[in-house]
Amino acid sequence: MKDKSLVKQFDDILANGGPFLITAHSNPDGDAIGSSLALMHYMRQKGSEVYVVVPNMYPEFLSWCPGADEIIIFDRQAALAKEKIAGAKLIFCLDYNAINRSGVLQEDLQKTNVPRALIDHHPAPETEQFNYFYFDTNKSSTAELIFNLINDLGDKQLINKEIAESVFVGIMTDTGSFSHAINDANTFRTVAELIDVGIDAEWIHRQVYDTFSENRLRLLGHAITNRMIVLEEYNTAIIHLSKEDITEYRFQIGDTEGIVNYPLSMKKINLSVLVTEKKDLVRLSFRSKGDFSVNDLARKHFDGGGHNNAAGGNSNQSLKETITRLLGVLPEFKETLNY
């Protein structure tokens, strides 16, 4: 059987020629975009033809990232995206470990017979769906994995400012601005090396976290003041936003980013859930403190998953029905939530 280690096969993969395609999950976040752009810049330095395709638009606060304007957005450029998928010699799957997490890309990814390479840090990867692997569930982010991959390939000298900025964005956002998944000292060694390359970490932080519109800030205030339920017996807080809420505050992609984290700042809250009514479904974002696994909760009850302390899920029921369903499953986790 051919070795499936991406590191061992990388040189042969490049030697076979491109074009190559880099893909990320639906609703791409800072880690999905940062890791994808970092790999894109690296592979272009190696002389490869490579493109990035994502299912839908990324948040506006990531638009400054080097190379972001080259990303092909499937739901805006479907014909071009399909062309790049069909023409790729190998497809990299970044920051997701199951093909169904690619959303509208799924059908085209499954239709093509070209090899797929997994680079990810989420638990329980569906390895049978991929031909090559580079994953570590103990790492802070997929962006940190890209940094490690480049080092493992002996190309540390190729890490330029564009790669370094992209990796930093991924690490910073996927750790909640260095508030979780940071107990590995190597994460901070990586950040130190990125700063040595010449990035301005303070400036990058401002581009991501200090670019709120007035509407986004008012939506945050509305969510906490008028849409937050605190359930003391379960050490849980739930924030719910309807389509009417979203419309009233002129929602832009990324405007709900981070809202789910705020309830965890309360002393006795160990689980926070943001329930948002979308056009075709209801989206749930879960965050937790300590050892409570929102990954288990999301996988078992809401067709989702993620990490121990950060996960997502979906519901095809109405907003009201979804909240009722969520309230119904909390007793199952009462003991572990009240630690």
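Computed values, structure above
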{"read-out": "Residues of region 259-280 satisfying the condition of being touching a residue at least 40 places away in the same chain (Cβ under 8 Å) and surrounded by fewer than 19 Cβ atoms within 10 Å (Cβ to Cβ)", "value": "ASN261, TYR262"}
{"read-out": "Meets criteria (at negative phi and either in contact (Cβ under 8 Å) with a residue 40 or more places away in the chain or within 21 Å of the chain's Cα centre (by Cα) (or both)) for LEU90", "value": "yes"}
{"read-out": "Yes/no for THR137 being among the hydroxyl-bearing types (Ser, Thr, Tyr), in the same structural domain as HIS41 (by TED's automatic domain parsing) and not in a helix (DSSP H, G or I)", "value": "yes"}
{"read-out": "Failed item, numbered, when GLY47 is tested on (1) without any contact (Cβ under 8 Å) to a residue 60 or more places away in the chain; (2) assigned to a helix (DSSP H, G or I)", "value": "(2)"}
{"read-out": "Positions within region 319-337 being hydroxyl-bearing (Ser, Thr, Tyr) and free of Cβ contacts under 8 Å to residues at least 40 places away in the same chain, in sequence order", "value": "THR324"}
{"read-out": "Unique match (being aromatic (Phe, Trp, Tyr) and either within 25 Å of GLU257 (Cα to Cα) or in contact with a Pro (Cβ under 6 Å, 6 or more places away or on another chain) (or both)) among PHE74, PHE10, PHE92", "value": "PHE74"}
{"read-out": "Test for THR336: is it surrounded by 22 or more Cβ atoms within 10 Å (Cβ to Cβ), among the hydroxyl-bearing types (Ser, Thr, Tyr) and either more than 22 Å from HIS121 (Cα to Cα) or assigned by TED's automatic domain parsing to the domain that holds ASP120 (or both)", "value": "no"}
{"read-out": "Residue selected from region 143-202 under the condition part of a helix (DSSP H, G or I) and among the acidic types (Asp, Glu), by the criterion surrounded by the fewest Cβ atoms within 10 Å (Cβ to Cβ)", "value": "GLU202"}
{"read-out": "Subset tally (residues that are in contact with a helix residue (DSSP H, G or I) (Cβ under 7 Å, 6 or more places away or on another chain) and of a type in the set (S, T, N, Q)) for region 281-339", "value": "6"}
{"read-out": "Matching option when the condition is of a type in the set (D, E, K, R) and over 26 Å from GLU335 (Cα atoms), among GLU232, GLU214", "value": "GLU214"}
{"read-out": "Residue in region 6-44 that is nearest to the chain's Cα centre (by Cα), counting only those that are under 28 Å from ALA310 (Cβ atoms) and in a strand (DSSP E or B)", "value": "THR23"}
{"read-out": "In region 236-255, the residues that are within 17 Å of ALA310 (Cβ to Cβ) and either modelled with pLDDT of 95 or more or touching a Gly at 6+ places or on another chain (Cβ under 6 Å) (or both)", "value": "THR236, ALA237, ILE238, ILE239"}
{"read-out": "First in region 66-80 and assigned by TED's automatic domain parsing to the domain that holds PRO28, second anywhere and hydroxyl-bearing (Ser, Thr, Tyr) and surrounded by 17 or more Cβ atoms within 10 Å (Cβ to Cβ), Cβ under 7 Å, 6 or more apart", "value": "PRO66/SER166; ILE72/TYR51"}
{"read-out": "Residues located in region 50-67, provided they are crowded, with 17+ Cβ neighbours inside 10 Å and part of a helix (DSSP H, G or I)", "value": "PHE61, LEU62"}
{"read-out": "Those residues of region 81-132 which are buried (at least 19 other Cβ atoms within 10 Å of the Cβ) and in contact with a Lys or Arg (Cβ under 7 Å, 6 or more places away or on another chain), in sequence order", "value": "ILE91, CYS93, ASP108, HIS121, PHE130, TYR132"}
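The values are calculated or read from the model by the stated rules, or taken from the named source; none is laboratory data. Predicted model, so just to flag it, every value in this text is computed and none were measured. Backbone-built Cβ (ideal geometry, glycine too); neighbour counts: all protein chains shown.
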